[in-house]
1. Quick one: which residues, 5 or more positions from Val35 or on another chain, have an amide H under 5 Å from its amide H? H modelled 1.01 Å from N in the peptide plane, none for Pro or chain starts.
2. Could you check the simple spin-label distance between Met21 and Leu7, using points 7 Å along Cα→Cβ, in nm with one decimal?
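FYI, it's all coordinate maths here, none of it is from the lab. Note that this is a predicted model, so its numbers are computed, not measured. Because the Cβ atoms are built from the backbone with ideal geometry, glycine has one as well, and the counts that use them run over all protein chains shown.
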Amino acid sequence: MKNTKHLDAIVIGAGFGGMYMLKKLRDEQGLKVRVFDKAGGVGGTWYWNRYPGSPRFQCNK
């Protein structure tokens with residue numbers, strides 16, 4: 001028998017919109033939700049892609 005996990009919803013994309021949707025579905029709807037992203041972590045398009053002519057800023061922590 002396979003080890004399966006029941007989810008009420010999945011969110012595709014872990015950018016700002018995806019993380020906001022995760023929060024709303026969990027906190028306000030009480031759903032079991034999981035986020036999937038093509039990249040290895042969160043950040044979305046604006047984090048992972050580099051645009052020609054646009055500087056890449058880094059922040060010191």
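1. HN-HN under 5 Å from Val35: Val11.
2. 1.1
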